[in-house]
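**Q** Attaching a single structure in structure tokens format; questions to follow.
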Amino acid sequence: MTKFHSIRDQLLDRLETMAAGEQFPPERQLAEALGISRMTLRRAIDELVSKGVVRRRHGAGVFALGPKLDQPLAASSFTEDMVARGMRPGSRVVSFDVTKAGAHIGRRLHIDDDAEVIAILRLRLADDEPLALEELHIPAALVPGLKPADLENSSFYELLASRFSISLNHSVQTIEPTLLDASEAKILGVPEQSTALLFERTSRGADGVPFEFVRSVYRGDRYKIRSELTLPDTHGGGRP
């Protein structure tokens, strides 16, 4: 096991110098360079695949994924988050429908079941790489004239504020692990049943009325959650 971990660490060191999308040398060549059997190499790469730092493409080889993007537990838009990382945000509208809210969405948005909502499915990208699928529901009455083109490669929150005078004031969000179904995986370009992070968020404006319900799935091989914890000062003058 010690030798195996040494091989794994050597591969991790190699990844430090590789760009996202760069390919590992062919299996035979890499095994010879490391002085190990191809079976040992495959086992080490399997662990890297499970850690989400490389991807194995059948018939093509093994490719670096780059470091995972950490998702802070704070209110920020996808666009703002990617810009802050120095990445180019993008989005593509997969579907755009006007439909009845139904019981589930109606409860989330505090509207009648038969009230009209706009249901939008967007693919979110960073530097043209698919990272997440975002399913958005918003009462149609709040966004008259909204069109699919309005949501291509733009921040939805900026659009709401500038065009519809709706500003985010408060959100409640849950996060849980999930597996991608066949359609989600196909759009994101990953294998079916890949791990993902499921976000569900209800947002309210300054008037306290919900204006959106969002269900998003983020690729588990590209995202992790980051939280900052601060211990409260319970002694009045600092900890003894």
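The values are calculated or read from the model by the stated rules, or taken from the named source; none is laboratory data. What you see is a predicted model; the values in this text were computed from it and never measured. Here the Cβ positions follow ideal geometry from the backbone for every residue, glycine too, while neighbour counts run over all protein chains shown. Just the protein is used for accessible areas: all its heavy atoms, side chains included, with ligands, DNA and RNA removed. Shrake-Rupley method; radii C 1.70, N 1.55, O 1.52, S 1.80 Å.
**Q** What are the residues in the stretch 1-55 that are assigned to a helix (DSSP H, G or I), of a type in the set (S, T, Y) and over 24 Å from T195 (Cα atoms), if any? Walk me through it before giving the result.
**A** The initial filter retains those residues of the stretch 1-55 that are assigned to a helix (DSSP H, G or I), namely 2-16, 27-34, 38-51.
Checking which are of a type in the set (S, T, Y) leaves us with 2, 6, 40, 50.
Of everything in the stretch 1-55, those that are assigned to a helix (DSSP H, G or I), of a type in the set (S, T, Y) and over 24 Å from T195 (Cα atoms) turn out to be T2, S6, T40.
**Q** Restricting to the stretch 125-150, name every residue that is more than 16 Å from V94 (Cα to Cα) and part of a loop (DSSP other than H, G, I, E, B).
**A** D127, V143, P144, G145
**Q** Would you mind telling me which numbered condition in (1) out of contact with any Ser or Thr (no Cβ under 6 Å at 6 or more places or on another chain); (2) on the phi < 0 side of the Ramachandran plot; (3) open to solvent by 30 Å² or more (accessible area, probe 1.4 Å) I166 fails?
**A** Condition (3) is where I166 drops out.
**Q** For residues that are within 24 Å of the chain's Cα centre (by Cα) and either in contact (Cβ under 8 Å) with a residue 24 or more places away in the chain or under 22 Å from F78 (Cα atoms) (or both), scanning just the stretch 99-116, find the one that is least open to solvent (accessible area, probe 1.4 Å). Explain how you work it out, then say what you get.
**A** Residues of the stretch 99-116 that are within 24 Å of the chain's Cα centre (by Cα), as a first pass: 104-105, 108-109.
Filter again for either in contact (Cβ under 8 Å) with a residue 24 or more places away in the chain or under 22 Å from F78 (Cα atoms) (or both), leaving 105, 108-109.
Values: I105: 17, R108: 78, L109: 2 Å².
Checking each candidate, the answer is L109.
**Q** Of everything in the stretch 141-163, what is surrounded by fewer than 17 Cβ atoms within 10 Å (Cβ to Cβ) and at pLDDT 90 or above? Give them in sequence order.
**A** In the first step, residues of the stretch 141-163 are kept if they are surrounded by fewer than 17 Cβ atoms within 10 Å (Cβ to Cβ); the result is 141, 144-145, 147-150, 152-154, 158-159, 161-163.
Result: A141, P144, G145, K147, P148, A149, D150, L159, A161, S162, R163.
**Q** Tally the residues that are within 15 Å of G90 (Cβ to Cβ) and touching a strand residue (DSSP E or B) at 6+ places or on another chain (Cβ under 9 Å), restricting the search to the stretch 151-169.
**A** The number of residues fulfilling the criteria is 6.
**Q** Sticking with this one: Which residues, taken from the stretch 182-204, are open to solvent by 70 Å² or more (accessible area, probe 1.4 Å) and not in a helix (DSSP H, G or I)?
**A** P191, E192, Q193, T195
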